[in-house]
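Reading through the structure tokens given below for one structure.
The values are calculated or read from the model by the stated rules, or taken from the named source; none is laboratory data. Just so it is clear, the structure is predicted and the values come from calculations on it, not from any experiment. FYI the Cβ positions are ideal-geometry reconstructions off the backbone, even for glycines, and counts take in every protein chain you see. Ligands, DNA and RNA are stripped out before the accessible areas are found, and what is left, the full protein with its side chains, is counted by its heavy atoms. Shrake-Rupley method; radii C 1.70, N 1.55, O 1.52, S 1.80 Å.
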Amino acid sequence: MDGERTMGGARGEERRLTCVLCPAGCDLMVTAPEVTGGRCPKGRDYALKELTAPTRTLTTTVRVEGAKPDRLPVRTLGEIPKEAVRRGVRALDAVVVVAPVRLGQVIVDDLLGFGVPVVATRDLPATRDLPATPGRIARDG
Amino acid sequence: MKTHERDLIVIGGGPAGLAAALAAREAGVPRVTVVERDHELGGILQQCIHDGFGNFLFRERLTGPEYAARFAGRIPEAGVETVLDAMALEVRPGPEHEVLVSGAESGLVTFRAPAVILAMGCRERTRAQLLIPGHRPAGVFTAGTVQRYVNIEGLRPGRRAVILGSGDIGLIMARRLTLEGVEVEGVYEIMPHPGGLTRNIVQCLDDYGIPLHLSTTITFIHGPKRVQGVTVARVDADRRPIPGTERHVDCDTVVISAGLIPENELSRGAGVALDPVTRGPVVDDRLETTVPGLFACGNVVHVHDLVDYVSMGGTIAGRGAAEYLAERAAGRTAAGGAGAAGEPVVAGEPGAVAEPGVVDAKREWCPVEPGENVAYVVPQRIDARRAAGRPQDRPVQFFLRVREPGRSADVTMTGRSPGGDVVLAHRRERAVRPPEMVAVKVRPDSLAPGVTAIRADVRAKGGDGDGR
Ligand SMILES: Cc1cc2nc3c(=O)[nH]c(=O)nc-3n(C[C@H](O)[C@H](O)[C@H](O)COP(=O)(O)OP(=O)(O)OC[C@H]3O[C@@H](n4cnc5c(N)ncnc54)[C@H](O)[C@@H]3O)c2cc1C
Ligand code: SF4
């Protein structure tokens, strides 16, 4: 079959999921509330949540004034419902921040009312604050 | 032209180069300089705005820029000099290696140092390398280029995209483009199994209902000016398109995610021996290449799936360079190992360098060979005596990649020694897949019985590591 893959489809009572929390990507077998196949306890929590109320971390960029490049990478500090990720990204499209920005600085207090803040994931100095000679070689000795 | 004297030059300020520079400073190397062609440190991580980095080293799911900051932030206080906007053009090996650098501010300068670490990362396979027939229209990009466009420059490459290849960057970009309002029609993978990590298929494709078509490829790109569509077709076991399975897909953008190739222009010029399988330098237990004093780490050596391993490799290379400099100061280079302390090893003048490209014969190299179901193992050779003399908390770190997926796999490193074969390390992996590297550590004391050759084998119980 063209690209057919076995997904988390129901197979009797049992469902199979891939835990996405870490690179191990464990295969989880779920017959709620039993979860097997996880290499660590987080897999169980993930599976049960995934089947009832799945959540994801959102990452995107927002526009910045006074810096180059003029995009600032941001993330949610915590997770929001999976179905809200697209809406969240669209809401952040409208946000403009002014440089300088510090890593961890709160950009939005509460995204879409889920009680989860959005923070900057890097420092972005204002263009005017950048050293004029970035590639200076120290004097020898 | 001005010449600057240093103890160690690191070429590339990505995660590999940063970890190497920090480790070398910690090990007491006085003058360490990182040369980076970009205007900031961090390498490719700066454009990887998604999360999932640093699980092993920090037990967190950091974004690329956050991970980069963990290392870049320590650089100034560690006393590492960084030269940004500066491109290394050439590495000339010698008793003191010379690195020719073209800097935005400095112009053309030479750095001279007894030790150099190559940490230039990798580059993407392009359409030309894939030989896709058709027009040469605008709108064909590599996944990394699209990542830069979208995440750094805030541009949208098109309206409707197809993705060729299911490598991780392509999967990540499928999700990213979808979130930015670009319709991703599907991902086409010529192989019967996906190229990227399973978790990326789940969280990037399945989450957004993007189909993955395995054993399918693009056979024609339609133009002429801007991409107007592609022809896709199923392929047979020999990856030849099957007549009659062609289908036209409307799109204005083609994103190519067909793998990465270590960046080794400079290494080649320096006469470093390259491994035809990894396409990176042949390295030893301290990540020294075949040219003494020239080290390599990160994606230059082989393409890594996890940045944590890249940083770990950087640390090994940084410590290795420090060890080399100490040996050199003691007049013991290009001959015996530091592990053979007390043994007077004299070979030519201090700091003598073997003919570039020629594997120096004076060391007793213990070759490391891929055995059953192993595509490659890095390092390709070790100085077993030297490694055996290191403290137990500094094991030899091996990375290998399997050829075929499998379940319940036994990963075994076997050493040949005068007393017979010895198991140096063994671990059980639940599943092994070609895209995922397997990391194995060998304790120094296990090498003590005079190991002369090492083989890596992966023996799986079940066949299908892909069955999810
Ligand atoms: C798109 C993408 C997504 C990824 N996603 C993940 C993930 O989710 N999780 C994870 O763990 N890993 C991920 N990785 C892998 C990880 O980021 C890389 O393996 C890692 O960044 C490699 O580090 P490096 O230092 O070897 O190379 P790089 O980060 O590429 O750094 C090399 C540096 O060298 C500089 N350079 C090159 N040539 C020269 C020269 N001649 N002179 C001066 N400077 C030079 C470059 O400018 C660059 O800064 C991803 C990689 C990519 C590309
Ligand atoms: S179950 Fe634990 S080890 Fe397995 S993928 Fe999830 S977080 Fe990682």
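The table below lists the values:
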quantity	calculated
Check on B:T198, open to solvent by less than 60 Å² (accessible area, probe 1.4 Å), at pLDDT below 95 and among the hydroxyl-bearing types (S, T, Y)	yes
Every residue from the stretch A:43-66 that is within 21 Å of A:L112 (Cα to Cα), assigned to a strand (DSSP E or B) and either open to solvent by 40 Å² or more (accessible area, probe 1.4 Å) or within 16 Å of ligand 1 (Cβ to nearest atom) (or both)	A:R56, A:T59, A:T60, A:T61, A:R63
B:E372 being surrounded by fewer than 21 Cβ atoms within 10 Å (Cβ to Cβ), part of a loop (DSSP other than H, G, I, E, B) and modelled with pLDDT of 90 or more	yes
Residue in the stretch A:67-89 that is most open to solvent (accessible area, probe 1.4 Å), counting only those that are more than 9 Å from every other protein chain (Cβ to nearest Cβ) and of a type in the set (D, E)	A:E83
Every residue from the stretch A:112-124 that is assigned to a loop (DSSP other than H, G, I, E, B) and facing chain B (nearest Cβ under 10 Å)	A:T121, A:R122, A:D123
Selected residue (only one of B:I190, B:I218 is open to solvent by less than 40 Å² (accessible area, probe 1.4 Å) and more than 9 Å from chain A (Cβ to nearest Cβ))	B:I218
Given (1) in a loop (DSSP other than H, G, I, E, B); (2) within 10 Å of another protein chain (Cβ to nearest Cβ); (3) at pLDDT 95 or above; (4) in contact with a Leu (Cβ under 8 Å, 6 or more places away or on another chain), index of the condition B:H39 fails	(3)
Any hit, the stretch B:6-22, residues being in contact with a Pro (Cβ under 9 Å, 6 or more places away or on another chain) and more than 9 Å from chain A (Cβ to nearest Cβ)	yes
Which numbered condition B:E66 misses (of (1) more than 10 Å from ligand 1 (Cβ to nearest atom); (2) at the interface with chain A (Cβ under 8 Å from one of its Cβ atoms); (3) farther than 17 Å from A:L77 by Cα)	(3)
Neighbours by Cβ (under 8 Å, 6+ apart or cross-chain): first from the stretch B:453-468, under 19 Å from B:K441 (Cα atoms) and modelled with pLDDT of 60 or more; second aromatic (F, W, Y) and outside any loop (DSSP other than H, G, I, E, B)	B:A456/B:F398
Selection count where residues are in contact (Cβ under 8 Å) with a residue 60 or more places away in the chain, outside any loop (DSSP other than H, G, I, E, B) and open to solvent by 10 Å² or more (accessible area, probe 1.4 Å), scope the stretch B:272-309	3
Breaking point among (1) within 30 Å of B:A23 (Cα to Cα); (2) away from every other protein chain (no Cβ under 14 Å); (3) modelled with pLDDT under 95, for B:A119	(3)
Meets criteria (within 30 Å of B:T290 (Cβ to Cβ), part of a helix (DSSP H, G or I), more than 13 Å from chain A (Cβ to nearest Cβ) and in contact (Cβ under 8 Å) with a residue 24 or more places away in the chain) for B:I75	no
From the options B:A104, B:A72, B:A68, B:A86, residue that is more than 30 Å from B:D250 (Cα to Cα), touching a Gly at 6+ places or on another chain (Cβ under 6 Å) and open to solvent by 50 Å² or more (accessible area, probe 1.4 Å)	B:A104
Tabulated pairs, the stretch A:18-42, first under 18 Å from A:T55 (Cα atoms) and open to solvent by 20 Å² or more (accessible area, probe 1.4 Å), second part of a strand (DSSP E or B) and within 16 Å of ligand 1 (Cβ to nearest atom), C-beta under 9 angstrom, 6+ apart or interchain	A:C22/B:G52
Any hit, the stretch B:44-58, residues being near ligand 1 (Cβ under 10 Å from one of its atoms), more than 26 Å from A:D70 (Cα to Cα), at pLDDT 95 or above and more than 10 Å from chain A (Cβ to nearest Cβ)	no
Residue list for the stretch A:14-48, restricted to those being facing chain B (nearest Cβ under 8 Å) and either polar (S, T, N, Q) or farther than 24 Å from B:E436 by Cα (or both)	A:T18
Scan of the stretch B:207-263 for residues that are part of a loop (DSSP other than H, G, I, E, B), closer than 18 Å to B:L171 by Cα and β-branched (V, I, T), ordered by number	B:I210
Selection within the stretch B:130-153 - surrounded by fewer than 16 Cβ atoms within 10 Å (Cβ to Cβ) and among the charged types (D, E, K, R)	B:R136, B:E153
Residue within the stretch B:82-97 that is within 30 Å of A:G78 (Cα to Cα) and not β-branched (V, I, T) present	no
Top-ranked residue in the stretch B:432-459 [being within 25 Å of B:M191 (Cα to Cα) and assigned to a strand (DSSP E or B); ranked as most open to solvent (accessible area, probe 1.4 Å)]	B:R459
Criterion: open to solvent by 30 Å² or more (accessible area, probe 1.4 Å) and in contact (Cβ under 8 Å) with a residue 60 or more places away in the chain - qualifying residue of B:R156, B:R127, B:R112, B:R176	B:R112
Contacts under 6 angstrom Cβ, first residue in the stretch B:407-424 being open to solvent by less than 40 Å² (accessible area, probe 1.4 Å), partner among the hydroxyl-bearing types (S, T, Y), 6 or more apart	B:L424/B:S446
Filter pass, B:R268 being basic (K, R) and within 13 Å of ligand 1 (Cβ to nearest atom)	yes
Helices (runs of 4 or more DSSP H) lying entirely in the stretch B:108-201 (those with 3 or more residues that are more than 25 Å from B:G280 (Cβ to Cβ))	B:143-151, B:168-179
